[in-house]
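One structure is given here, and the rest of the page talks about it.
The values are calculated or read from the model by the stated rules, or taken from the named source; none is laboratory data. It should be emphasised that the depicted structure is a prediction, and the values quoted were computed from it without experimental measurement. In this analysis, Cβ positions are derived from the backbone assuming ideal geometry, glycine residues included, and neighbour counts consider all displayed protein chains.
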Amino acid sequence: MSIAPERPRTAADPGVGVGGAAARPDGPAKVRGEFEFSSDLHVPGMLHGATVRSPHPHARIRGIDTSRALAIRGVLTVVTADDVAGTNRFGLERRDQPVLADGLVRYVGEPVAVVAATSPATARRAAEAVVVDFEVLDAITDAETATAPGTAELHPGGNLVRHLRLRHGDPVPDDPGLVRVSGEYHVGMQDQAFLGPESCLAEPTAGGGIHLRCSTQWLHIDRDQLAAALGLPPEQLHLTLAGVGGAFGGREDLSVQAHAALLALRTGRPVAMSYPRRESFVGHVHRHPARMRYTHTATRDGRLLAVEADILLDGGAYASTSPAVVGNAGCFAAGPYAVPSVHVDARVVYTNNPPCGAMRGFGAIQVCFAYESQMDELARVLGMDPVELRLRNAVTTGSTIATGQTVDGPAPVAELLERVAARPPAPPRTDGAPTVRGVGYGLSIKNICKSAGVDDYGTARVRLFLRPDGRPAVQVQTAASEVGQGLVTVQQQIVRTELGVADVGFLPTDTTVGDAGTASASRQTWMSGGAVQQACHRVRDELLTRAATRTGHPRDDLRLQDGAVHTPTGAIPLAELIDDAVDETAVFRHRTTSPLDEEGQGDAHVAYAFAAHRVTVDVDAELGTVEVVEVACAQDVGKAINPLGVAGQMHGGIVQGLGLAIMEEIQVRDGRILNPGFTDYLIPTAADVGAHHLDILEHLRPDSPYGLTGVGEPPMLSVPAAVAAAVRRATGAAIHRVPIRPQDLTATADVPG
Amino acid sequence: MDQHYFRPTSLSDALALRSERPSATVVAGGTDVMVAVNEGRRRLDEVIDLGDVAELGGWDLDGDRVRVGATLPLTRVTDELAAHLPALAAAARLVGSPPIRHRATLGGNIATASPAGDTLLPMLAGDSSIEVASVRGIREVRSDEFFLGPGRTVLAPDELITAVRATTARGEAFAKTGTRRAMVISVAAAAVRIDPERRHLGVALGSVAPTPRRARTAEAFGARELDWSARTAPDEGWWAELGRRAASDTAPIDDLRGTADHRRRVTAVLVARCARQAWSRTC
Amino acid sequence: MLRFTVNGTEVALHDVPPGESLLTALRERCGLRGTKNACEQGECGSCLVALDGRTACSCLVPAHQVHGHEVTTIEGLSPDNGELDTVQQAFLDCGAVQCGFCTPGLVVAVHDLLAHHPDPTTEQTREALAGNLCRCTGYHGIFDAVALAAQRRKDVPR
């Protein structure tokens, strides 16, 4: 194991390989404003699309009158469900969501029709001119009652999307010698709030298909869903990644893609679409709000014996990734602790609320707030230090988690916590503000890569060729989404390390190369990075074969190093071996997993990642405001392929966690979002983030490229729990929900109203 | 210049235009108007842009009287007026973000007449008046009589806001609270001015009623109880009582930014803190 | 007609509606798409430009308001030869860029900050950048970039 420096300050020179702080290849264009995001795409003669959306959470469509819209000068077409040539359904896990509503709308903002016009303003005006005759139906807006007998069924088969029943170990009998703590916890609906709006450009192709340039986390699953909806063979759809302005889970589901493609097919012209911020809030899924009831049982000396949890997630109107999200909530309901008896019922239901799906943390973050709150409460009841209680129960390599799976990779949970706990305390305030300080801790566990038997893989093509001036260079091609996380940087680094060629560029990220899987589950460096590594190995093998043929040396006596093939009789520069380009494609798979059985048991996960936080806050209890003073985060990343990138993921994850802890919540009333904009959906600013101290641990994994572990999600997971613990410590307030609102802290304060 | 967008360069031209076009939208910094335009809540068919009217963009001091031009950007209010009107400078500094404050103006804040208009509170607490002009002449309106409701003022269709007229003071303070530490609309805000020379105690409250308002009960209590001649500092309990009286002057609502109960509670706190700070600045 | 100077070049635009923002005019009429549209409420700073030398949210400036004035966009801050200026280079060196959507606005904001505070304190930096939302970086890389750019400007006076 090695410890990376706390925070690399500056990027090393270009040419650096795995482990170095390489600079982003797309960085110069981004800082110069020249990087083309999907909302910047434009071609001559393009049209602009706009969406007609439901104002009702639940209604039957009796008719759609497009005549007024079509009469507006500059409007070319209005498309409704009747014009969807294929199967009018999409969805990541279940195809239950119409591309355009057919007969029924199930949430406020559901697309009903799309319009193409010669300018964005005309398209928006035309969308407003489409008259939809709705018969308003009773809406189900409370997840608690969604599955009650007699409740209307929003989808065939009822409103229960998935119930994960997990039974691990034997129940613990009642014993007065044991300590039990119970609590109910709530997590609000969070938005990914990526800054780049949903946007794309669809262009008809000569063969009757579509070339779609878009922001997405997964080109191939977009393509497959589009093919089904448009009634086209997948080969007719060419998808290219456009510049992505952040994702965080919110670009897993389709948004503008099918609508723009429909309009382009209908008009035979290029069609651009881009959502204004307000529309973006209904244009993508959100983090599931959660209600969680917990009971923890422990011995008086603080050994956990049992965790019981009843978890309810509001999935909203369509399934999206709800089945997998609730799977995570159930599997990680007990946290990174060794607990002999775990009993979980985790359900996700359909309602007429906004659809929920993927967001960084994906089911694991909701339960983390609950189980860590329980751990703090247990420590309080036991009179034990909360750090000590956690250390006493932390999983280690060889421990079994609630699914019965053995943690076989590095699990330095105790070490991570000890590291943040051992840091010197944050410096005291000097400005005399009337605040109280509190310190809280959080630990988390999360699966890395896809789970439960999914055949998940990455594909990469690596092409080694000679530039006209005779220098060797590499082009990498994958369909993996660069969403800001720095995947392109690590791909370059891997090539440099494997082939010793500094000049590494990229071919378009598109569907002409094989599937890369999704930029989520903290998996792309592992999966697409692994595919690039394997493709490099194939290139190397071909080079060695060529050198062996040329020199007559056995291949085993040759090696590739520093941009040359070394033979017993001297080195051959690469340039002499690649008058014909070497072009290799590889598919990388992680080890297989299996689905959970009916008891929620099974080896469902590829790997686990862990992080610990210590959060220091100053609370102005009279005003109910929380100032984050400092966040210390220790995270095991296996191998930091790019320490600068790892630090960026950690800072960014911490801040999204702070947002969920103290300010970010989509407020929904009667199915309607009350705050669809950055005026009232608040995300942390530069003034809200406090000081950060990062501790990057590198416990190499035995089963991943270079020993790495995914890094994107863990730095966020236990931030809300640690903030809540710190606020409790500072104020004594009982905190059972995040975000913590000022009114939650002042409601009990002794200030007469 | 397009015929629907007017950029007068003198006040007299601006007033003449306003008189001819009472339905035109008046724009100074644009930071409120354009939010509504971009959201489709407002259309701009005709605009009178005051940005190039130099007479409105400065401030001057005459003895203890300050006249602040309506289009002075908030950045300059903060940078240049802190010594004369500390609460106004402080309130201006807490509006939006730096780029907003580079453009936003006092006159715009007044015309928008938001119950959460931070810069309005120091005006109310300090008995400032608002100078308005039309081709008919100039008049001054007491700031606490200017606002009628959210977005509604006593401004006549042919009038423009030209300045804020204030008396300088050291003993004043402003505070606001919201869910975020920067760039946040006030959930509650308060300004307090204490002027021992004039035996004036002004308390103004934001985001707790349909308009920014004076806390009359608190002011009466304070004026009665403060020891103006001996200048003995009241104790903590007294400041808290002043805050409680101010809370009773509120008429808050529950909305997505906070509950009425929370607004009442924090109003008491903000007023007590501002009053204590204002008092300490008088000494 | 609307005439103004953008990045040192005089432009003349015709038939601009009174309600059109400077942001729209820059992106759609001038082809300057480095200035980004992320909220149109003045809340995110992605559309920052310098207007007569101070930052402004171009989404909240009526285009006509800049008649006779000077606008500098991210394109105008970028050296013509394709190189990077001190602020831009510091952003790259410190990992201040991830998705990059907020980056042009932040570069504009940091230029304004350093012009007024050549050696900003932590508090000045955070206050100055509070109007620029970034969802990826957690801001710390950006704080480092500000400090590094300030240092390099001192080392090599401009």
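A few comments on the model shown:
- Contact map, segment A:633-648: first residue at positive phi, second residue among the aliphatic types (A, V, I, L, M), Cβ cut-off under 7 Å, separation 6 or more or different chains; pairs are A:Gly638/A:Leu700; A:Gly638/A:Leu708.
- Segment C:87-96, subset over 13 Å from the mean Cα position of the chain (by Cα) and more than 7 Å from chain A (Cβ to nearest Cβ), residue farthest from A:Glu36 (Cα to Cα): C:Ala90
- Residue under evaluation B:Ala218, criteria (1) of a type in the set (A, V, I, L, M); (2) touching a Lys or Arg at 6+ places or on another chain (Cβ under 9 Å); (3) without any contact (Cβ under 8 Å) to a residue 60 or more places away in the chain; (4) not in a helix (DSSP H, G or I), criterion not met: (4)
- Long-range neighbours under 6 Å by Cβ, at least six apart or interchain, first residue under 16 Å from B:Thr119 (Cα atoms) and more than 14 Å from chain C (Cβ to nearest Cβ) within segment B:162-187, second among the β-branched types (Val, Ile, Thr) and in a loop (DSSP other than H, G, I, E, B): B:Thr177/B:Val187
- Restricting attention to segment A:576-625, the residues being free of Cβ contacts under 8 Å to residues at least 40 places away in the same chain and out of contact with any helix residue (DSSP H, G or I) (no Cβ under 8 Å at 6 or more places or on another chain) number 3.
- From B:Leu61, B:Leu74, residue being modelled with pLDDT of 95 or more, more than 10 Å from chain C (Cβ to nearest Cβ) and either within 23 Å of C:Ser21 (Cα to Cα) or crowded, with 20+ Cβ neighbours inside 10 Å (or both): B:Leu74
- Matching residues in segment A:15-40 - criterion: being more than 10 Å from chain C (Cβ to nearest Cβ) and surrounded by fewer than 24 Cβ atoms within 10 Å (Cβ to Cβ): A:Gly15, A:Val16, A:Gly17, A:Val18, A:Gly19, A:Gly20, A:Pro25
- Among the residues of segment B:116-148, those that are under 16 Å from B:Leu94 (Cβ atoms) and either at pLDDT below 95 or part of a loop (DSSP other than H, G, I, E, B) (or both) comprise B:Ala116, B:Gly117, B:Asp118, B:Thr119.
- Subset tally (residues that are out of contact with any Leu (no Cβ under 8 Å at 6 or more places or on another chain) and part of a strand (DSSP E or B)) for segment A:463-474: 2
- Candidate set from segment B:254-272 (those that are facing chain A (nearest Cβ under 8 Å) and part of a helix (DSSP H, G or I)); member that is nearest to A:Ile740 (Cα to Cα): B:His262
- All positions within segment C:97-124 that are within 15 Å of the chain's Cα centre (by Cα) and surrounded by 24 or more Cβ atoms within 10 Å (Cβ to Cβ): C:Val97, C:Gly100, C:Phe101, C:Cys102, C:Thr103, C:Pro104, C:Gly105, C:Leu106, C:Val107, C:Val108, C:Ala109, C:Val110
- Candidates are the residues of segment C:1-21 that are more than 9 Å from every other protein chain (Cβ to nearest Cβ) and either crowded, with 21+ Cβ neighbours inside 10 Å or of a type in the set (Gly, Ala, Ser) (or both); the one that is farthest from the chain's Cα centre (by Cα) is C:Ala12.
- Pairs, first touching a residue at least 24 places away in the same chain (Cβ under 8 Å) in segment A:27-55, second of a type in the set (S, T, N, Q) and in a loop (DSSP other than H, G, I, E, B), C-beta under 8 Å, six or more apart: A:Phe37/A:Ser215; A:Ser38/A:Ser215; A:Ser39/C:Asn37; A:Leu47/A:Thr118; A:His48/A:Thr118; A:His48/A:Ser119
- Of the strands (runs of 3 or more DSSP E) lying entirely inside segment B:1-111, those carrying at least 1 residues that are under 24 Å from C:Leu13 (Cβ atoms) are B:25-27, B:47-49.
- Residues within segment B:131-150 that are of a type outside the set (A, V, I, L, M) and in contact with a Ser or Thr (Cβ under 7 Å, 6 or more places away or on another chain), tallied: 9
- Counting only helices (runs of 4 or more DSSP H) that sit completely within segment C:53-158, those holding 2 or more residues that are out of contact with any helix residue (DSSP H, G or I) (no Cβ under 7 Å at 6 or more places or on another chain) and modelled with pLDDT of 95 or more correspond to C:74-77, C:103-116, C:122-128, C:140-155.
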